[in-house]
Amino acid sequence: MESYDVIVIGAGHNGLVCAAYLLKAGYRVLLLEKRTVPGGAATTEEVIPDQAPGFQFNLCAIDHELIHLGPVVQELELTKYGLEYLFCDPVVFCPHPNGQAFLAHRSLEQTCAEIERYSARDARKYREFMEYWQRLVSALAPIFNAPPKSLIDIAGNYDLGKIKDLVASVGSTQKALEFIRTMLTSAEDLLNEWFDSEIIKAPLARLSAEMGVPPSQKNLAIGAMMMSTRHHPGMARPKGGTGALTKALVNLVNALGGEILTDQRVKQILVDEGRAVGVRTANGTEYRVKHGVISNIDAQRLFLHCMDAADVDAADPNLRERLERRIINNNETILKIDLAMSEPLRFQHHNHQDEYLIGSVLIADSVRQVEIAHAEPAMGKIPDADPSMYVVQPTMLDPSMAPDGKHTLWIEFFAPYQIEGRQGTGLNGTGWTDDLKHQVADRVIDKLAEYAPNVKQATIARRVESPAELGERLGAFKGNYYHIDMTLEQMVFFRPLPEIANYKTPIAGLFLTGAGTHPGGSISGMPGRNCARVFLQTQQPLAQTWRDIRNSLKSTLAAVLPKS
Ligand SMILES: Cc1cc2nc3c(=O)[nH]c(=O)nc-3n(C[C@H](O)[C@H](O)[C@H](O)COP(=O)(O)OP(=O)(O)OC[C@H]3O[C@@H](n4cnc5c(N)ncnc54)[C@H](O)[C@@H]3O)c2cc1C
């Protein structure tokens, strides 16, 4: 039987990031991945090889913003392992049914100049709004990049610029109250407070709702940061697709002597006297560990599906019930459409320019349409009467992802995991069948064709993945690609539950990372890095605390001393 220092369950990008930090610290690490390829929701695959050979598709994540708010790429020197980020500019194009459009560039000035064509007031307010959010994001980034309960770590992340942004955001009673109010309100209310034109509000609402909730949901105006980060630090895609991030991490893990075994679904955590001592995979193989098991899968699946109830109850008699009843999963997930195309989309009613296709294309006609797109899935309904969607033509920025002159199209359409009234039918009883997913995809494409009529005749082949299939592929609970909902009461030291929010669990040697831990889903690598820090802290408390204090002092001194 093989023995390792650490086993990571799942080779999603967070599992890989976590493993890389532990390997760098000298631990012997094994990653066990259930799929035939590592990466989880961060892969690029040639998934229609018969009809569309040579076309590379990002099956899930495509636009990377949050990873640029943290140090993972630099600290792990991922460019040395093959990662190259291509930044998008423009970043968003949202055609409006009246023939106008919202076109956002990376530059705030250029974007305001675009908005000025419709409303001088909205252009002025847009600048103020984005500057407010940029300061706020800068002030919050140190919290994202540290375990939520590690004050020394958080303090160490503040440099002079971030301290200034913190003071500018919450440095007086008035500002602090304004911040609290902003956190308590909804994206829709906030947008109505700031802007007049639907042409600005609808795309901003659509991006805010990427948190996985309708724009009217209170306590989630923080979704507004999804637009501000596109201006700064910017929105980028790895050259070759999101899978190139995974590839760079795999190269690093291999170079450091780590092992990644694919087609290895972990079925059971082995616990001995309250301590995680290894895992058993679906094919019956057992792997033992000396120091710890780290889960890149969410807490519900880990504790409720991969552990003996008696082991969990012995460590915390309330945990299983709290995981079952307290964690919120609002039933919203994604129906994903990938097209191989002979030519790019043409927005013929909007004075088509190829630059529209560099960033994300949002089909968001109104805030109300976006509201329906997110409210209906929660009720088990498919919001396809007038579909809103997020579309990307990745090959415009990176032609290497398709044969010469050809293109791919990435379409994200929010849909329910469990369809109301179809319980017990379709895949895993969700109601999703092949026929249904194609019917829905047809309606989504019909809507896109209202804006880009050439989409149908340019399609060479298509792949549609239903929410139930996506859930199966990722092994995600109810298809939730954020592992658990990104709502305020499940963030920071509440993610996934207060008692397991600092990556540690009541089982000694069992740790949590991944999208279901702080600071949450998306491509950031932050949960992986934060978890590694907590793991190292438990292994070498004095050495790690000393390192953290030293780093903290260093950055505080750098913040207060004048630069020579
Ligand atoms: C369609 C779609 C589009 C998205 N678009 C974006 C985007 O543009 N930008 C962005 O930032 N984010 C996006 N996201 C979200 C983002 O991709 C995820 O939040 C993020 O990749 C999660 O990473 P992770 O490593 O925490 O978890 P995951 O990627 O879910 O990794 C978990 C890993 O564990 C494996 N696994 C599961 N069960 C087991 C088991 N029992 N044994 C062994 N292995 C197991 C899985 O196969 C997987 O590899 C998107 C998600 C989807 C689904």
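Bear in mind that the values in this text are calculations on the coordinates, not laboratory data. Please read all numbers here as calculations on a predicted model, not as lab measurements. Cβ: placed from backbone, ideal geometry, glycine included. Neighbour counts: every protein chain shown.
Based on the mean of other beta carbon atoms within 10 Å per residue, what is the order of 279-287, 475-483, 384-392, 199-207, most packed first? Let's see the in-between values first.
Details: 279-287: 14.7, 475-483: 23.9, 384-392: 20.2, 199-207: 26.7.
Ranking the peptides 279-287, 475-483, 384-392, 199-207 by packing returns 199-207, 475-483, 384-392, 279-287.
For residue 57, what residues show an amide H to amide H distance below 5 Å, using hydrogens built from the backbone and excluding near sequence neighbours?
45, 46, 47
Hey, can you grab everything whose amide H is under 5 Å from the amide H of residue 460? Only 5+ residues off in sequence or another chain; H modelled, so Pro and N-termini drop out.
340, 341, 342
Could I have the simple spin-label model distance between residue 255 and residue 290, label points 7 Å from Cα toward Cβ, reported in nm to one decimal?
The answer from the label model is 2.5 nm.
Hey, which of these cross-link pairs are over 21 Å Cα-Cα: 239/406; 34/80; 24/80; 125/201; 34/504?
Exceeds cut-off: 34/80; 34/504.
For the chain, what does the helix formula give at 222 nm: sum of -39500 (n - 2.57) over DSSP H segments with n ≥ 4, over the residue count, nearest 500 deg cm²/dmol?
That comes out to -11000 deg cm²/dmol.
Suppose every K and R has +1 on its Cβ and every D and E has -1 on its Cβ; what is the size of the dipole of the chain about the Cα centre, in Debye to the nearest 20?
For the chain, the charge dipole is close to 1400 debye.
So for the pair residue 280, residue 508, with labels modelled 7 Å out along Cα→Cβ, what separation do we get in nm?
Output for this residue pair reads 2.3 nm.
Projected area of the chain, taken from the Cα convex hull and averaged over every viewing direction, in nm²?
Details: hull surface 103.3 nm².
So the mean shadow area of the Cα hull is 25.8 nm².
Given labels modelled 7 Å from the Cα in the Cβ direction, how far is it in nm from residue 314 to residue 24?
Each label point lies 7 Å from its Cα, and together they span 3.7 nm.
Please compute the net charge surrounding residue 223, taking Lys and Arg as +1 and Asp and Glu as -1 over other residues with Cβ under 11 Å from its Cβ.
Counting the neighbours of residue 223, the net charge comes to -1.
Cα centroids of the stretch 167-201 and the stretch 32-93: how far apart, whole angstrom?
So the two Cα centres are separated by 33 Å.
Considering only C-alpha atoms, what is the centroid distance from the stretch 380-440 to the stretch 496-543, in Å?
32 Å
For residue 443 and residue 428 in the same chain, what is the full-extension length gain: residue separation times 0.36 nm, less their Cα-Cα distance, in nm?
Numbers: separation 15, 0.36 × 15 = 5.40 nm, distance 2.38 nm.
Gain on stretching residue 443 to residue 428: 3.0 nm.
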